[in-house]
Amino acid sequence: MIRSLSRLTPVLATLAVFLAGFIACSLVYPNFASLRVVMNLLTDNAFLAIVAVGMTFVIISGGIDLSVGSVIGFTTVFLALAIERWGVPPLMAFVLILVICAAFGAAMGAIIQYFELPAFIVTLAGMFLARGVSFLLSTESIPITADLYAHLSEHAFRFEGGSRLTVPAMIMIAVVLAGMVLLHLTRFGANVYALGGSRQATALMGINVARTTVLIYTLSSVLAGLAGIVFSLYTSSGYSLSAVGVELDAIAAVVIGGTLLSGGYGFIFGSFLGVMIQGLIQTYISFDGMLSSWWAKIATGLLLFAFIAFQQFTLHLARRSRRAPAGVHP
Amino acid sequence: MLATSPPAAGAAPDLLALIGFSKSFAGFTALDRVDFTLKVGEIHALLGENGAGKSTLIKAMTGVVARDAGTMRLDGIEIAPRSAEEAVRAGIATVYQEVNLAPNLSVAQNLFLGRQPTRFGLVREGEMRRRARALLAEFGLSIDIAAPLESYSVAIQHIIAIARAVDQSARVLILDEPTASLDAQEVEVLFAVMRQLKARGIGIVFVTHFLDQVYAICDRITVLRNGRLAGSAPVADLPRLDLVRLMLGRELSAATGRRPPHEARAPSTAVAAFRGLGKTGYVVPFDLTLRAGHVVGLAGLLGSGRTETVRLVFGAERADCGAAQVAGQKASIGSPREAMALGFGYCPEERKTEGIVAELTVRENIVLALQARRGALAPLSRREQDAIAAKFIRLLDIRPPDPERPIGLLSGGNQQKALLARWLATAPQLLILDEPTRGIDVGAHAEIIKLIRDLCAEGMALLVVSSELDELVTYADEVIVLRERAHVARLTGAQVEVPAILAAIAEVPSSASPPVRAA
Ligand SMILES: Nc1ncnc2c1ncn2[C@@H]1O[C@H](COP(=O)(O)OP(=O)(O)OP(=O)(O)O)[C@@H](O)[C@H]1O
Ligand SMILES: [Mg+2]
């Protein structure tokens, strides 16, 4: 029990930071502490939380996926063109883009696995490719006017006082929950951790490493595609420059959430909290109205430093206390 | 050379048959048309010197290494697994020589990774833990199975790997040096399990460098030499001397005899002396004096505190009480760096997993510690490095004798020799060796014992942890016996004999309480 608590320390620390931040903001701005702010936090960061879930899988397995931001951008452009210009029904377009993203992720995973290339390089290439293709499709911002979009943005779970749990937020919560189940409760999830612990050992244990790797990158790209759909719902448009740098926000959220960049340890819930902390900073800045939004970046940077230092520290402690060996019964 | 004897009438049928296995790595022939037959319910020893090709044969069998030629039949049906996964599915479970578990996963997950009990696609955690406990109980191990694997010692990790493979073995179980980090007691437990499997008709391939174990449990022996089949015969037809000759291709050089009688030497100067050194919950405080030209041996069962003692001495673990004197001066040893600065060297037991830098060459690995001690400002010249590497490759018979080969490509035993060389090269005043001959073949054993004696004669102080009591008594001047994390006996001079050590180890423990374990 004590041990499992100690494994959760980084997540608990993130939770503490989030709560402390929220309380601090509420002290400064009394109307901050409202259901409305919380609901907006969920809606505004839905797409980021969705990619962060995929990124958590990738990073725990010892990899990285730099292509997700570009995949979101590509998705919005594709959806806008498909729905507005090519007359594809929106739901059909959603299915299509998810299939394309799955193929894209699977291809990256296969290249990483079979050519034994570093994930960093392969997904960097994927990032340029996806961004390049979306420019090729269109360089302008294309508004999406389909009925479904108007309908979906109306559709929401309403609370008293006018706060709404929107469709993007609902999708995000579903993805976070499903991600937690997949990572923590299935064989696939255990294999993901094992890969991050030792790739070679995992292969020797008779795990299909190739299949697992391909699946991990497929999952990440599909979730990036889903995030793209959510992003396009949120903005009702498609633009090839949207979501630039989101991969870095996602990585930051995952690390702030207590996942080790070197792989092997981490939790989905931590990544979710990491996203929420970034959202909190953003919200504070918009409440303030005077601060430049670049302060959000600065605050995120400082937080990252603090969390990485904290992780190294707890890791060090854990390693130290762990050296005592166990005994054998005759 | 012994030919493969024709199958006797009425003998057990062939379970696994390999024909003409060949494998070369970039022009180097590791396996050359090797045949191998395993019968139903047979324990088959696969023997050979370090680098003979045993591990390569095993990996070629299970598809981890793609073989160049050869066919393989299981129960008469041709199979060709291309990965460890396919081999397991065909019924062949393996414990590879290198660590093959995920350090970050829990013990239970490691035991059942890829085959966890599930319901509706979800892992049944409770059921998995229950099975994990039951499985480990067969090996006499009761540990916290929810703890991450890395929190346990190498020996326990090895038992866990064995337990996993045993549980998976449907037809064939392959064990590549499973006993290299186990103690006599655990080896007995393993043997009991192997006998059960044998009775169920499972064929077992067993690689080891302990010849006693071969004669204790195996039915048949196959010997490899330089990648070729040197011979195969029932155990009864291959007495020890013939076996050694078959493995080495020559007679074993002597040098394993008792060390020359202890003359009443004037007590030499103390290199280091420790008073009341200890750490709560780790090792009970002890006194220890290490003298120039003296070998102090540490004996005891696994977990008795031997490795813990040397880690305290070397500063790898911080003592919370006690005082140290080095060369007559009061000293505080808080870290391995400080210990090295004082002229200590420590070749750890876990060198297999911790010590090697796989990408660096043999030469670079050998000079690593020496260079670290000299500091970055006093680099060793290439000529010096070459000379040191050449010397130790010759002394320890590292094969292939190529200093520029990345060490990761050497066989397990040869990697260990190179790591031993790393610490020998620093020529410390006090050298600490933890199980120096583990995983090393019979031929090289003798060389290493001889080397220990020579170092001693040159005036080095040695502290050696060893479970090989027969060997320990040939070079130790003093043996300290540990039990339950305390130094319980100190044998000197003529008392240093195997029966005396065994008696001290076996003395009825003060309580029948379970062993100490991390909270
Ligand atoms: N990947 C590789 N590349 C190049 N050479 C290799 C590779 N793997 C093994 N070898 C070489 O093949 C030979 C046989 O190695 P192997 O590991 O099979 O020996 P072994 O009999 O298991 O020895 P040990 O008792 O030391 O474990 C060695 O000379 C080794 O250097
Ligand atoms: Mg080997």
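Oblate is the label for region A:2-322, because the ratio a/c of its alpha-carbon gyration tensor axes (a ≥ b ≥ c) is 1.5 or higher and a/b is not greater than b/c. The overall shape of region A:40-133, judged from the alpha-carbon gyration tensor, is oblate: a/c is not under 1.5, and a/b is no greater than b/c. Surface composition of the protein assembly as shown: carbon plus sulfur atoms hold 62% of the accessible area, using a 1.4 angstrom probe and ignoring ligands, DNA and RNA. Label point of A:ALA150 set 7 angstrom out along Cα-Cβ; within region A:210-239, amide nitrogens under 18 Å from it belong to A:233-238. What FRET efficiency do you get for B:ASP167 and B:ARG405 if R0 is 30 Å and r is their Cβ-Cβ distance, rounded to the nearest 0.05? About 0.25, to the nearest 0.05. Note on region A:99-206: Rg/Rh from Cα positions, Kirkwood definition for Rh, rounded to two decimals, is 1.10. Protein heavy-atom accessible surface, 1.4 Å probe, per residue over the protein assembly as shown: 42 Å². The Cα center of region A:10-51 and the Cα center of region B:307-346 differ in position by 50 Å.
Place a point 7 Å from the Cα of B:ARG394 along the Cα-to-Cβ direction; which residues of region B:409-424 have their backbone N under 18 Å from it? Answer for this model: B:418, B:421-422, B:424. Ranking B:LYS279, B:LYS23 by solvent-accessible area of protein heavy atoms (1.4 Å probe, all protein chains present), from largest to smallest, gives B:LYS279, B:LYS23. For peptide A:195-202, the mean count of partner chain Cβ atoms within 10 Å of a residue's Cβ comes to 6.
Across region B:269-282, coupling constants 3J(HN,Hα) worked out from phi with the 6.51/-1.76/1.60 Karplus curve, θ = phi - 60°, read 5, 6, 6, 8, 9, 10, 10, x, 6, x, 8, 4, x, 10 Hz, and Gly and Pro carry x. Sorted on the mean count of surrounding Cβ atoms within 10 Å across their residues, most packed first, peptides A:30-39, B:202-211, A:154-163, B:369-378 read B:202-211, A:30-39, B:369-378, A:154-163. Relative intensity of region A:113-157 on a log10 scale, I(q)/I(0) at q = 0.16 Å⁻¹, equals -0.69, per a Debye sum over C-alpha point scatterers of equal strength in the absence of solvent. In this structure, the amide hydrogen of B:GLY300, modeled 1.01 Å from its nitrogen in the peptide plane, lies closer than 5 angstrom to those of B:LEU482, counting only residues at least 5 positions away or on a different chain.
The packing ranking of peptides B:147-155, A:19-27, highest mean first, is B:147-155, A:19-27, where packing means the average number of other beta carbon atoms within 10 angstrom of each residue. Volume of the convex hull of the protein assembly as shown (Cα atoms only), normalised per residue: 204 Å³. Any idea what the relative contact order of chain B is, in percent, if you count C-alpha pairs under 8 Å spaced at least 6 apart? 16 percent.
Based on the convex hull around the alpha carbon atoms, chain B presents an average projected area of 26.0 nm². Between chains A and B, what is the buried accessible area summed over both chains (1.4 Å probe, protein heavy atoms, nearest 100 Å²)? Buried: approximately 3600 Å² between B and A.
What does the C-alpha gyration tensor say about the overall shape of region A:1-72? Classify as rounded when a/c is under 1.5, otherwise prolate if a/b is larger than b/c, or oblate. Oblate is the answer for region A:1-72, as a/c is 1.5 or above yet b/c matches or exceeds a/b. Over the residues of the protein assembly as shown, the helix contribution to mean residue ellipticity at 222 nm works out to -15500 deg cm²/dmol, using -39500 (n - 2.57) for each DSSP H run of at least 4.
Close Lys pairs in chain B (alpha-carbon distance under 19 Å; sequence gap of 8 or more, or different chains): 11. The string of couplings for region A:233-243 from the Karplus curve (6.51, -1.76, 1.60, θ = phi - 60°) is 4, 5, 9, 6, 7, x, 8, 5, 9, 6, 6 Hz, one whole number per residue in order, with x for Gly and Pro. Approximating the spin labels as points 7 Å out from Cα along Cα→Cβ, the B:THR29-to-A:GLU160 distance works out to 8.8 nm.
Amide H contacts for B:LEU15 (H built 1.01 Å from N in the peptide plane; partners 5 or more residues away or on another chain; cut-off under 5 Å): B:LEU38, B:LYS39, B:VAL40. Relative contact order for region A:1-118: 9 percent, from Cα pairs under 8 Å spaced at least 6 residues apart, divided by residue count.
Seen from A:ALA93, the other residues with C-beta closer than 14 Å to its C-beta sum to a net charge of -1, counting Lys and Arg as +1 and Asp and Glu as -1. Peptide B:385-394 has a mean shielding of 0, counted as Cβ atoms of other protein chains within 10 Å of each residue's Cβ. The long axis of helix B:442-457 is offset from the longest Cα principal axis of chain B by roughly 0 degrees. Peptide B:139-146 is shielded by partner chain Cβ atoms: per residue, an average of 3 of them sit within 10 Å of its Cβ. Each residue of region B:77-86 is assigned a 3J(HN,Hα), and the resulting list reads 9, 6, 10, 8, x, 10, 7, 4, 4, 5 Hz, derived from the Karplus form 6.51 cos²θ - 1.76 cosθ + 1.60 (θ = phi - 60°), x at Gly and Pro.
Relative to the longest principal axis of the C-alpha atoms of chain B, give the angle of the C-alpha long axis of helix B:125-138, reported between 0 and 90° and rounded to the nearest 10°. Helix B:125-138 sits roughly 80 degrees off the main axis of chain B. Counting Lys and Arg as +1 and Asp and Glu as -1 over every other residue whose Cβ lies under 14 Å from the Cβ of A:ASP249, the net charge comes to -2. Only Cα pairs under 8 Å and at least 6 apart count here; give the relative contact order of region A:2-322 as a rounded whole percent. In percent, rounded to a whole number, it is 34. Ligands, DNA and RNA excluded, the heavy atoms of B:ARG483 present near 50 Å² of accessible surface to a 1.4 Å solvent probe. Taking amide H positions as modeled 1.01 Å from N, with prolines and chain starts lacking one, the residues under 5 Å from B:LEU463 and 5 or more places away or on another chain are B:VAL296, B:LEU431, B:ILE432, B:LEU433.
The values are calculated or read from the model by the stated rules, or taken from the named source; none is laboratory data. Given the structure is predicted, the values throughout are model-derived calculations rather than measurements. With ideal geometry, Cβ positions are generated from the backbone for all residues, glycine too; neighbour counts draw on all protein chains shown. The protein model used for the area step is the full one, side chains on, heavy atoms only, and it has no ligands, DNA or RNA in it. Shrake-Rupley method; radii C 1.70, N 1.55, O 1.52, S 1.80 Å.
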